[in-house]
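Undergrad: One structure, pasted below without further comment.
The values are calculated or read from the model by the stated rules, or taken from the named source; none is laboratory data. Predicted model only: the values in this text are computed from it and were never measured. Note: ideal-geometry Cβ built from the backbone for every residue, glycine included; neighbour counts use all protein chains shown.
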Number of protein chains: 2
Amino acid sequence: MASAAQSNTVVGADYGDAQQVLDALRMTPWLKGLDEKTLRALTGISRVFRAAEGTLLCEEGEPADELFIVLDGQVAVLAQAANGTSAVVEVLDAGASIGLSSVLAGLPRLMTARVVRSSRLISVDGQSLQALAAREPSLVTVLLRAEAEDFKSLVQQVCDLKLRTTAQRLAVYLLSLSPEKTSNTTALRLPFDKRLLAARLGCRQENLSRAFAALRNLGVETHGARVILHDIARLRDYALPDEAMDKVTA
Amino acid sequence: MASAAQSNTVVGADYGDAQQVLDALRMTPWLKGLDEKTLRALTGISRVFRAAEGTLLCEEGEPADELFIVLDGQVAVLAQAANGTSAVVEVLDAGASIGLSSVLAGLPRLMTARVVRSSRLISVDGQSLQALAAREPSLVTVLLRAEAEDFKSLVQQVCDLKLRTTAQRLAVYLLSLSPEKTSNTTALRLPFDKRLLAARLGCRQENLSRAFAALRNLGVETHGARVILHDIARLRDYALPDEAMDKVTA
């Protein structure tokens, strides 16, 4: 978030051909339910573009005139407080959409979005999307489900912030990065810097350091961005990640 | 939340006449935009009922087959964690809806809702609402706006939890209860007990006591549920409530 370009224009936009856009839309998991005809109609109102690190995609309070979908890279969504500081609400990667509820409701944007790792994105024209949804009930279903999933993520985050300590939230996050399903140990890399990680977890950087120190006793070894989890089972017991929560509440 | 009835049935449901339901729908601020015809169609798929303190209106994970709207009273919405504890996501009062995103998307409920102060509610049949929305674009607009507002509340709460201390969050809450717009002092009553207040703020009860103690220096005097704010301006500076935030970010 350090040297962000204070510009609203996307870097290296390429209004690629329809096939490229169609392929990009097909890659988006939450659009899977759409029939071929609707997907092609959606292609006609979308474009694919690249945005460099630091690019400001959109700002809180602006009209929400386009829906973004992340194809690759990473985008932070933030909301600003009175004293000028921003809360990093979420760090999004492939598949995530930005601004869905605002675009559908025709209300101003709730969050600012900034590229934190060079990204490729889809932009869907907002007004055309509303018009297309009015004609295509299957698209409405898909959009409402995506919006409900976004809502669910926020509810889970509110719970996370209310029920868990910073160290537990860090443990949940590290476990979410771990692809390991069978072994009890794994090595991973933090996908973004510790300043952004602290902001995403909702703590100061010194508290993040303290949280890493607390996790050392649970077999979490760190060397800069490289992290080794020596005892996944124990860390899981300590953090109670949402997949375990899902099991219990199901 | 202590002696909640572990029952799914509403207490004293009265399937009142159409006029009562229509009046209740007219009282709901976010339905204001609806034309008379749509409002009458909505009346046909709604009922008004009373629910006593402790009533479990719905549970997380259940099919979202009805939308609730609070007419008066108070309802807590909660989400459960693996260790059996629940986070109070929000305490809702008149005008709020419960389960909108789940009902519209046809997905299982994200949250449990429990009446914390004897309430009167509207229940709208979920499937009929979806069918009506498919025929009435004006209803879709109203529902999407309400959903975006729900989304906004959650984003604001995430920011609140990430950027503010417990004492600041308490101050924001106390200021939100204050009807005083001109004078610098006011007296108010906490609308629910301190256990629920701690849960809503996302802290332990001992931290809530500490937060009240911290606010004493800022002119906050407490006698049980009765609270006197002696210096609203100073408290506001300390807490930076969202209305100030809105002004700055607008």
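Undergrad: In the stretch A:142-164, which residue that is of a type in the set (Lys, Arg) and closer than 18 Å to residue B:161 by Cβ is farthest from the other protein chains (Cβ to nearest Cβ)?
TA: A:164
Undergrad: If a residue must be buried (at least 16 other Cβ atoms within 10 Å of the Cβ) and free of Cβ contacts under 8 Å to residues at least 60 places away in the same chain, how many such residues does the stretch B:121-135 contain?
TA: The total comes to 2.
Undergrad: Sticking with this one: May I ask you to say which residue of B:138, B:118, B:101 is surrounded by fewer than 22 Cβ atoms within 10 Å (Cβ to Cβ), in the same structural domain as residue B:36 (by TED's automatic domain parsing), among the hydroxyl-bearing types (Ser, Thr, Tyr) and part of a helix (DSSP H, G or I)?
TA: Going through B:138, B:118, B:101 in turn, the sole match is B:138.
Undergrad: Kindly indicate whether residue A:154 is closer than 26 Å to residue A:18 by Cα and part of a helix (DSSP H, G or I).
TA: When the stated conditions are applied, residue A:154 does not pass them.
Undergrad: Working only within the stretch B:121-135, note down all residues that are in a helix (DSSP H, G or I), more than 9 Å from chain A (Cβ to nearest Cβ) and among the aliphatic types (A, V, I, L, M).
TA: B:129, B:131, B:132
Undergrad: Okay, next question. Could you check the stretch A:179-193 and list, in sequence order, the residues that are crowded, with 16+ Cβ neighbours inside 10 Å and either within 14 Å of another protein chain (Cβ to nearest Cβ) or not in a strand (DSSP E or B) (or both)?
TA: Once the filter is applied, which keeps residues that are crowded, with 16+ Cβ neighbours inside 10 Å and either within 14 Å of another protein chain (Cβ to nearest Cβ) or not in a strand (DSSP E or B) (or both), the stretch A:179-193 yields A:190, A:192.
Undergrad: Here is a list: A:209, A:176. Which entry is in contact (Cβ under 8 Å) with a residue 40 or more places away in the chain, hydroxyl-bearing (Ser, Thr, Tyr) and surrounded by fewer than 17 Cβ atoms within 10 Å (Cβ to Cβ)?
TA: Testing whether each residue is in contact (Cβ under 8 Å) with a residue 40 or more places away in the chain, hydroxyl-bearing (Ser, Thr, Tyr) and surrounded by fewer than 17 Cβ atoms within 10 Å (Cβ to Cβ) leaves just A:176.
Undergrad: Going by the structure shown, is residue B:71 surrounded by fewer than 23 Cβ atoms within 10 Å (Cβ to Cβ), under 17 Å from the mean Cα position of the chain (by Cα) and away from chain A (no Cβ under 14 Å)?
TA: It is true that residue B:71 is surrounded by fewer than 23 Cβ atoms within 10 Å (Cβ to Cβ), under 17 Å from the mean Cα position of the chain (by Cα) and away from chain A (no Cβ under 14 Å).
Undergrad: For the stretch A:86-98, which positions are more than 8 Å from every other protein chain (Cβ to nearest Cβ), in contact (Cβ under 8 Å) with a residue 24 or more places away in the chain, of a type in the set (A, V, I, L, M) and part of a strand (DSSP E or B)?
TA: Result: A:91, A:98.
Undergrad: Tell me which strands (runs of 3 or more DSSP E) are completely within the stretch B:1-85 and hold 3 or more residues being in the same structural domain as residue B:127 (by TED's automatic domain parsing), touching a helix residue (DSSP H, G or I) at 6+ places or on another chain (Cβ under 6 Å) and modelled with pLDDT of 95 or more, or say none if there are none.
TA: Strands (runs of 3 or more DSSP E) meeting the threshold: B:66-80.
Undergrad: Here's a check for you: in the stretch B:203-224, which residue that is part of a strand (DSSP E or B) and of a type outside the set (Asp, Glu) is nearest to residue B:240 (Cα to Cα)?
TA: Among those that are part of a strand (DSSP E or B) and of a type outside the set (Asp, Glu), it is B:220.
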